[in-house]
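> I'd like to ask you about the structure that follows.
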Amino acid sequence: MSMKNTKFTGLFTRKKAVRYLIYVLFVCAFAVFVIKLNQVEKTELVVRTGQTFEKAKVVKILQDNLEENGTRVGEQKVRVRMLTGVRKGEELEITSSSGYLFGAACKVGMKVIVMQSVAGDTTIASVYTQDREWVIYIFAALYLLALCAIGGRQGIKGCIGLVFTFFCVIFVYLPLIYRNVSPFGAAVFMCFITTLVTMYMIGGATRKTIAATAGTVAGVVIAGISAWLFSMASGITGYNVSDIETLMTLWNTNGIQVGGLLFSGLLISCLGAVMDVAMSVCSSMYEIYNQNLAMSRADLFKAGMHVARDMMGTDSNTLILAFAGSSVSM
């Protein structure tokens, strides 16, 4: 190997080492920021002191509530073996209501979640719901596996980006709200962080990634401003939501700006769709330009507009159908 190639290889290796060092420093700084951010006291809206939710297995149906016409009325009386909690290993005789939201149609061998209150030798317990923990884990694992198997390396990066986004909602957005940061500002900050990380993992440190990130953040901010203008014109505010009575407890105790939660939620809801459009358009433009380097900026812009216009119709349907589907029961 020539001396010139050796110098080039050494320089490339040093640049790569510096890049990885920057990544590590960024991760460490972000971890410290998240840990400090989550050191905030949260108000318990539902007080469950002395009450726990434990796992159990139905071993016998003592009294069924199944009618001849197939419906269930009243409560079941069942015997369960506790799998967790202070009564672990013991068998308890408890009830299970016939409700659709709480309770379960118990069968022998079914695993359930038991809501119990223990005071000395006295235990008050009932079936809260069916234990679906492993079903959720299995289907989540199948989804991630399919994403990685079909998407390959990009699919794996997409999985990491998905987990990071969920992490940011729980450990960045919510603590910022509890620290009395504007919900709109907290949502914009969270959208920027998740967009930056997700886009970088998918596209790398390229101009395509920078353009997609800038387009996503701009689109989300424009959506938020549009929602605010609609609120001013229509008189609909964040206080016109179904959970406002419970949320007012947070406003009274912590001073949290609950009125801004509605529109910050809209920003988070539209983030995925805006990110999808931004990356799709940027990727299309990147490929078109690579195939024709002599293409002028005006022609490239026209091509991008054609791609975006075709996407607008289907993407609008995606958003409308998502909100409509979640409101069907209403």
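> Being out of contact with any Cys (no Cβ under 8 Å at 6 or more places or on another chain) and surrounded by 16 or more Cβ atoms within 10 Å (Cβ to Cβ) is the filter here; which residues of the range 131-158 pass it?
Correct list: Asp131, Lys157, Gly158.
> How many residues are farther than 13 Å from Val34 by Cβ and open to solvent by less than 60 Å² (accessible area, probe 1.4 Å) if we restrict to the range 163-193?
Here the count works out to 11.
> From the list Ile150, Ile136, Ile124, exactly one residue is among the β-branched types (Val, Ile, Thr), at pLDDT below 90 and under 30 Å from Met201 (Cβ atoms). Which is it?
Details: Ile136 fails: at pLDDT below 90; Ile124 fails: under 30 Å from Met201 (Cβ atoms).
Sole residue among the options that is among the β-branched types (Val, Ile, Thr), at pLDDT below 90 and under 30 Å from Met201 (Cβ atoms): Ile150.
> Of Ile210, Ile202, which residue is at pLDDT below 80, of a type in the set (A, V, I, L, M), part of a helix (DSSP H, G or I) and within 23 Å of Val163 (Cα to Cα)?
Selected residue: Ile202, the only one of Ile210, Ile202 that is at pLDDT below 80, of a type in the set (A, V, I, L, M), part of a helix (DSSP H, G or I) and within 23 Å of Val163 (Cα to Cα).
> Next question, about the same structure. Any residue that is over 26 Å from Gln154 (Cβ atoms), touching a residue at least 40 places away in the same chain (Cβ under 8 Å) and not hydrophobic (A, V, I, L, M, F, W, C) - is there at least one of those in the range 181-199?
Checked against the condition, which is being over 26 Å from Gln154 (Cβ atoms), touching a residue at least 40 places away in the same chain (Cβ under 8 Å) and not hydrophobic (A, V, I, L, M, F, W, C), the range 181-199 yields at least one hit.
> Still on this structure: Looking at the range 271-280, which of the residues that are open to solvent by less than 20 Å² (accessible area, probe 1.4 Å) and under 23 Å from His306 (Cβ atoms) is modelled with the lowest pLDDT?
Pass one, the range 271-280, residues open to solvent by less than 20 Å² (accessible area, probe 1.4 Å): 271, 273, 278.
Narrowing the set further to residues that are under 23 Å from His306 (Cβ atoms) leaves 273, 278.
On the way: Ala273: 79, Ala278: 84.
Step by step, filter the range 271-280, then rank; the result is Ala273.
> Right, next: What do you reckon, is Thr129 part of a strand (DSSP E or B) and modelled with pLDDT under 85?
So Thr129 fails the test.
> Related question: How many residues, within the range 67-87, are in a loop (DSSP other than H, G, I, E, B), touching a residue at least 24 places away in the same chain (Cβ under 8 Å) and not polar (S, T, N, Q)?
The number of residues fulfilling the criteria is 6.
> Under 7 Å between Cβ atoms, which residue pairs at least 6 apart in sequence (or on different chains) link something in the range 127-155 that is charged (D, E, K, R) with a partner that is open to solvent by less than 50 Å² (accessible area, probe 1.4 Å)?
The qualifying pairs are Asp131/Val112; Asp131/Ile113.
> Say whether the condition of being farther than 30 Å from Thr246 by Cα and either modelled with pLDDT of 85 or more or not in a strand (DSSP E or B) (or both) is met by at least one residue in the range 40-48.
First, the residues of the range 40-48 that are farther than 30 Å from Thr246 by Cα: none.
No, the range 40-48 contains no residue that is farther than 30 Å from Thr246 by Cα and either modelled with pLDDT of 85 or more or not in a strand (DSSP E or B) (or both).
> Considering only residues that are of a type in the set (Gly, Ala, Ser) and more than 18 Å from Thr129 (Cβ to Cβ), which ones fall in the range 82-98?
Gly89
> Please name all residue pairs, on different chains or six or more residues apart, with Cβ atoms under 9 Å, provided the first residue is in the range 292-314 and is free of Cβ contacts under 8 Å to residues at least 24 places away in the same chain and the second residue is of a type in the set (Asp, Glu).
Asn292/Asp299
> Now for a separate question. Applying the selection to the range 143-192, what residues are assigned to a helix (DSSP H, G or I) and of a type in the set (Lys, Arg)?
The initial filter retains those residues of the range 143-192 that are assigned to a helix (DSSP H, G or I), namely 143-178, 183-192.
Passing the criteria: Arg153, Lys157.
> Sort through Ser242, Ser231 and tell me the only one that's out of contact with any helix residue (DSSP H, G or I) (no Cβ under 9 Å at 6 or more places or on another chain), among the hydroxyl-bearing types (Ser, Thr, Tyr) and at pLDDT below 85.
After applying the criteria, what remains is Ser242.
Rundown of residues vs (1) more than 24 Å from Gly304 (Cβ to Cβ); (2) of a type outside the set (S, T, N, Q), yes/no style:
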{"position": "Tyr143", "(1), (2)": "yes, yes"}
{"position": "Ile160", "(1), (2)": "yes, yes"}
{"position": "Thr165", "(1), (2)": "yes, no"}
{"position": "Leu176", "(1), (2)": "yes, yes"}
{"position": "Arg207", "(1), (2)": "no, yes"}
{"position": "Thr216", "(1), (2)": "no, no"}
{"position": "Gly219", "(1), (2)": "no, yes"}
{"position": "Ile222", "(1), (2)": "no, yes"}
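> Filtering the range 110-124 down to residues that are outside any strand (DSSP E or B) and open to solvent by 40 Å² or more (accessible area, probe 1.4 Å), which residue is nearest to Gln51 (Cα to Cα)?
Gly120
> Of the residues Leu92, Leu66, which is open to solvent by 60 Å² or more (accessible area, probe 1.4 Å), of a type in the set (A, V, I, L, M, F, W, C) and more than 30 Å from Gly203 (Cα to Cα)?
Leu66
The values are calculated or read from the model by the stated rules, or taken from the named source; none is laboratory data. Just so it is clear, the model here is predicted, and its values are computed rather than measured. Glycine gets a Cβ as well: all are built from the backbone with ideal geometry, and neighbour counts include every protein chain shown. All accessible areas refer to the heavy atoms of the entire protein, side chains included, with ligands and DNA or RNA removed. Shrake-Rupley method; radii C 1.70, N 1.55, O 1.52, S 1.80 Å.
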